[in-house]
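First the structure, in the form of C-alpha cells, and then the observations on it.
No lab work stands behind these numbers, since they all come straight from the coordinates. Source: prediction; values computed, not measured. Ideal geometry is used to build each Cβ from the backbone, glycine not excepted, and the neighbour counts take in all protein chains shown.
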C-alpha cells in the first residue's frame, strides 16, 4: 500500500472521529487540529484494525501530525511485508 493510500485512510478515519478536522494541512500538529489524546488513541486503534498493522508505542510517541501517523503505519506495513 502506498503512502498516499495510507494517508487517505488516516485522513478519512480522523475526520470520522472529528468531523470538523481541517485535514488539508497534514503536517499541522494534532493538538492544534483539535484531536485530543483520547481521540488519538482511538484513531490509532481504528487504523490498526483497518490497515492490519501495529505501530510500536515508541514510534507513536514521536507522532505529531497526520503525516507522521501515516508514515508510522507505512513503516509498520513495510516491516510486515514478506521480504524476498
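At a glance:
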{"quantity": "Spacing of the two label points (7 Å from each Cα toward its C-beta) at residue 25 and residue 5, in nm", "calculated": "3.0 nm"}
{"quantity": "Degrees between helix 66-80 axis and first principal axis of the chain (Cα, 0 to 90, nearest 10)", "calculated": "20 degrees"}
{"quantity": "Whole-number D in µm²/s for the range 37-84 (Stokes-Einstein; Kirkwood sum over Cα pairs; 20 °C, 1.002 mPa s)", "calculated": "195 µm²/s"}
{"quantity": "Helix 3-17 axis, angle to the chain major axis (alpha carbon atoms, nearest 10°)", "calculated": "40 degrees"}
{"quantity": "Residue-span extension gain [residue 52 to residue 12] - 0.36 nm each, minus C-alpha spacing", "calculated": "12.8 nm"}
{"quantity": "Equivalent ellipsoid semi-axes, the chain, via Cα gyration tensor eigenvalues times 5, rooted, Å", "calculated": "21, 13, 11"}
{"quantity": "Alpha-carbon centroid distance for the pair the range 1-26 / the range 29-84, whole angstrom", "calculated": "11 Å"}
{"quantity": "Rounded tilt (10° steps) of 37-51 against the dominant C-alpha axis of the chain", "calculated": "40 degrees"}
{"quantity": "Inter-label distance for residue 32 and residue 59, nm, one decimal - labels placed 7 Å from Cα along Cα-to-Cβ", "calculated": "2.5 nm"}
{"quantity": "Residue order, fewest to most beta carbons within 10 Å, for 27, 79", "calculated": "27, 79"}
{"quantity": "Order of 52, 24 under a 10 Å beta carbon neighbour criterion, fewest first", "calculated": "24, 52"}
{"quantity": "Full-extension gain in nm, residue 67 to residue 41, via 0.36 nm per residue minus C-alpha separation", "calculated": "7.8 nm"}
